[in-house]
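No lab work stands behind these numbers, since they all come straight from the coordinates. None of these values were measured; they are calculated from a predicted model. Virtual Cβ from ideal backbone geometry, glycine too; neighbours counted across all protein chains shown.
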């Protein structure tokens, strides 16, 4: 199968120079895939032999997470999420012009981590998106939002009209591998026990003329903190291990993000209090509560609702925002016209903001509104 | 108004420079020096290197590079630098330039840095690892009308997807199992790469309304070994394509940077008006890009 995409600059194509960057993008469809197997925090903690007791469920608010079993992997999660996304979309696979795979984990055939060919090539072939240009990106838990950031620019400049951003996170090997090594609450691998598996996919399309579209802004990397969370292949087991300076990364995320968010809100012409739903990275109840309080104090107002779903799914890394959004769409939490704020916090340390107004995306999930 | 190459630099291992991040930082630092650019002016940093120190998967290798070159390590209230890794095989550099191009054209970013470097993740532990360690970096800015990268095209040939593959597998090493990088390359890979380019070259030239005679220089990805020789029969190709040392063929994502560097050192790049960048990589993915030097 052959796929092709051309990106022209105005001089080499009969596109008027002033027509470039007149476009906006928007979310057209969102799909997810969570593995069927549910692993509770209590079940996971049964394998942890610590000095003293720790109630991880009370500490994090995470009751359970979904985990891959029996050969499920990043590839399966990505494809299933992409198909779920397409099933709600008015587009067919062959309509997609770009596919970006964004997961931290790229496991195929179990726990084999694939570098080449890029996972996006395998996924696009499997779903039949043969026209699409494909590439992978990695940006820790900000992966999918980085994919949105890149694709939004391709749509804004008129190079493409639609594409799909995909991630298939099979992170639970890091949790299993951490269990024998966590001995105290200060363990660097304690945060690994909070992760869960999930696939997510989102189609971005050119927004109709006159619509505000996505406001994708203020993506930046505060690289001074790049070594606060390191994920790599495990030294003594298949899969991954992750070492996190959890307290420090939480502190710097809270202290450094308010001015960045303030700038993004100003660019969108909004106040923090204008936001109806804030979707943060789903880490833990304490982190989200204290972060929310700090933002409200700094910005002088508060959002109407902070979306959480970590209780049932844990921290699903780069898929976290779209899993949360998908659940809200299904549970009809959103209304048309609601202002949604999505904020990335990721190892690196990456901070990024996406703001949009809920539109007909809602209709794809059977809302009466 | 395409992305314009401000500077290019390459790096090879030295006494205290062995890993992929070391190689990337050396190339990036030299590149910024040549461009006389303050690292804090970089809006985007894209790392396209694939084989990285310890196979680190999180955070992005780009964030380590950003830290080491001291580009907006913290948010100071003005502009920041955004970093991420991009993987599109050996042709990642052109994909990254294509991604960067829009941000430069819109003015969202004034300068961007594309970095490529590969090194054996655990030296001596991956017997199938075929590449020599190398790094390269390009600083790009927004060109004037009719200058810079003007046209990109990418084609994939998934029927050859198994020709080149690499993955980390849980494999026996001595008496224990370890997570080890395993690289597999079929004998026909180089020949297939050449065939894929031959199939699409005429289409690309038609799209840019140029004949091969109007292309002044062809700057290719040096590897895989033998692919450039297999393409030499293409009319007009052999006299335009850069002749590169055999060792370059064993470089991976940084190879294109080395080819460009050689073209600059030989003066061929400066003399050329229309430059064709030609990339091949796993997939098989072939990339074409027309670059027009400022007059």
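Using a Förster radius of 51 Å, what is the FRET efficiency between residue A:363 and residue A:183 based on their Cβ-Cβ separation? Nearest 0.05, please. Can you show the working numbers first?
On the way: r = 51 Å, r/R0 = 1.00.
After rounding, the FRET efficiency stands at 0.50.
Under the definition of Cα pairs under 8 Å and six or more residues apart, what whole-number percent is the relative contact order of region A:24-206? Please report the intermediate quantities before stating the final value.
Details: 401 pairs, mean separation 64.6, N = 183.
This gives 35 percent for region A:24-206.
Can you run the Rg to Rh ratio on chain B? Use alpha carbon positions and the Kirkwood inverse-distance Rh. Let's see the in-between values first.
On the way: Rg = 18.6 Å, Rh = 19.3 Å.
With Rg and the Kirkwood Rh in hand, the quotient comes to 0.96.
Mind sorting B:56, A:137, A:351, A:249 by how few other Cβ atoms lie within 10 Å of their own Cβ, fewest first?
Values: B:56 18, A:137 31, A:351 24, A:249 21.
By the 10 Å Cβ count, ascending: B:56, A:249, A:351, A:137.
Using the count of nearby Cβ atoms within 10 Å as a rough guide to exposure, how do A:151, A:50, B:1 rank from fewest to most? Don't jump to the answer; show the numbers that get you there.
Numbers: A:151 27, A:50 14, B:1 20.
Arranged by neighbour count, lowest to highest, A:151, A:50, B:1 become A:50, B:1, A:151.
When the helices in the protein assembly as shown are scored as -39500 (n - 2.57) per DSSP H run of 4 or longer and the sum is shared across all residues, what 222 nm value do you end up with, to the nearest 500 deg cm²/dmol?
Working: 18 runs with 191 residues, N = 664.
When only DSSP H runs of four or more count, the value is -8500 deg cm²/dmol.
Over all alpha-carbon pairs of region B:81-197, lay out the pair-distance distribution in 10 Å bins, whole %, shortest bin first.
Going out from 0 Å in 10 Å bins, region B:81-197 shows 10, 31, 31, 20, 6, 1, 0 percent.
Translational diffusion coefficient of region B:3-146 at 37 °C, 0.692 mPa s, Stokes-Einstein with Kirkwood Rh over Cα pairs, in µm²/s as a whole number. Write out the running numbers ahead of the final one.
Numbers: Rh = 15.2 Å.
Value of D from the Cα-based Kirkwood radius: 216 µm²/s.
If you build the convex hull over the alpha carbons only and average its shadow over all orientations, what do you get for region B:223-295? Give it in nm² to one decimal.
Numbers: hull surface 20.3 nm².
Result: 5.1 nm².
With equal scatterers on the alpha carbons only and no solvent term, can you work out the Debye log10 of I(q)/I(0) for chain A at 0.06 1/Å?
Values, matching the q order: -0.21.
Of all the Cα-Cα pairs you can form in region A:215-362, what percent are over 25 Å apart? Walk me through the numbers before you get to the answer.
Numbers: 3123 of 10878 pairs.
Roughly 29 percent, rounded to a whole number.
Rounded to the nearest 5, what % of DSSP beta bridges with both residues in chain B are antiparallel? Provide the component values of the computation, followed by the final result.
On the way: 42 of 57 bridges.
The antiparallel proportion sits near 75 percent.
Largest first and in whole Å, what are the equivalent-ellipsoid semi-axes of the protein assembly as shown based on the Cα gyration tensor, each being the root of 5 times an eigenvalue?
Details: eigenvalues 285, 162, 108 Å².
Largest first, the protein assembly as shown gives 38, 28, 23 Å.
To make sure I understand, if each residue's beta carbon is the centre and we count other beta carbons within 10 Å, what order do B:103, B:16, A:23, B:84 fall in, fewest to most? Don't jump to the answer; show the numbers that get you there.
Numbers: B:103 23, B:16 7, A:23 19, B:84 30.
Arranged by neighbour count, lowest to highest, B:103, B:16, A:23, B:84 become B:16, A:23, B:103, B:84.
For region B:3-146, what is the relative contact order in percent, using Cα pairs closer than 8 Å and at least 6 residues apart in sequence? Display every interim value, and only then the final one.
Numbers: 307 pairs, mean separation 57.0, N = 144.
Once normalised by length, the contact order is 40 percent.
Run the numbers on chain A and let me know its relative contact order in percent, using alpha-carbon pairs under 8 Å that are six or more apart. Can you show the working numbers first?
Numbers: 845 pairs, mean separation 83.0, N = 369.
Relative contact order here is 22 percent.
Give me the distance between the Cα centres of region B:22-81 and region A:302-350, rounded to whole Å.
Here the two parts' Cα centres lie 30 Å apart.
Would you report the distance distribution of C-alpha pairs in region A:114-235 as whole percents per 5 angstrom bin, up to the bin with the largest distance?
So the P(r) values, bin by bin, are 2, 8, 15, 17, 17, 15, 11, 8, 4, 2, 1, 0.
Based only on the alpha carbon positions, what is the Kirkwood hydrodynamic radius of region A:207-300, in angstrom? If you can, show how the numbers build up before the last one.
On the way: mean 1/r = 0.0629 Å⁻¹.
Across region A:207-300, the inverse of the average 1/r is 15.9 Å.
Nearest-5 percent of antiparallel DSSP beta bridges in chain A? Before the final figure, lay out each step's value.
Values: 40 of 53 bridges.
Roughly 75 percent of the beta bridges in chain A run antiparallel, per DSSP.
Two decimals is fine: what is log10 I(q)/I(0) at q = 0.11, 0.21, 0.22 Å⁻¹ for region B:172-295, from a Debye sum with one equal scatterer on every Cα and no solvent?
Treating every Cα as an identical point scatterer, log10 I(q)/I(0) equals -0.41, -1.25, -1.36.
When N counts the residues of region A:17-148, how does its alpha-carbon radius of gyration compare numerically with 2.2 N^0.38 Å, as a ratio?
Compared with the compact-globule rule of thumb, region A:17-148 sits at 1.32.
Please report, in whole Å, how far the alpha carbons of region B:50-135 spread along each principal axis, starting with the longest.
Over region B:50-135, Cα extents along the principal axes are 46, 27, 18 Å.
Quick one: Cα centre-to-centre distance for region B:239-257 and region A:119-174, in angstrom?
Cα centroid of region B:239-257 versus Cα centroid of region A:119-174: 29 Å apart.
For the protein assembly as shown, give the share of DSSP beta bridges that are antiparallel, in percent and rounded to the nearest 5; count only bridges with both residues there.
About 75 percent, rounded to the nearest 5.
Enter the Cα centre distance for the pair region A:55-91 and region A:227-269, rounded to the nearest angstrom.
21 Å
Under the definition of partner shielding as Cβ atoms of other protein chains within 10 Å of a residue Cβ, what is the mean value for peptide A:206-214? Walk me through the intermediate numbers first.
On the way: counts 0, 0, 0, 0, 0, 0, 0, 0, 0.
Per residue, the number of nearby Cβ atoms from other chains is 0 on average.
Mind checking the alpha-carbon convex hull of region A:22-98 and giving the volume per residue in Å³?
Values: hull volume 13.4 nm³, N = 77.
Considering the Cα atoms of region A:22-98, their hull volume per residue is 174 Å³.
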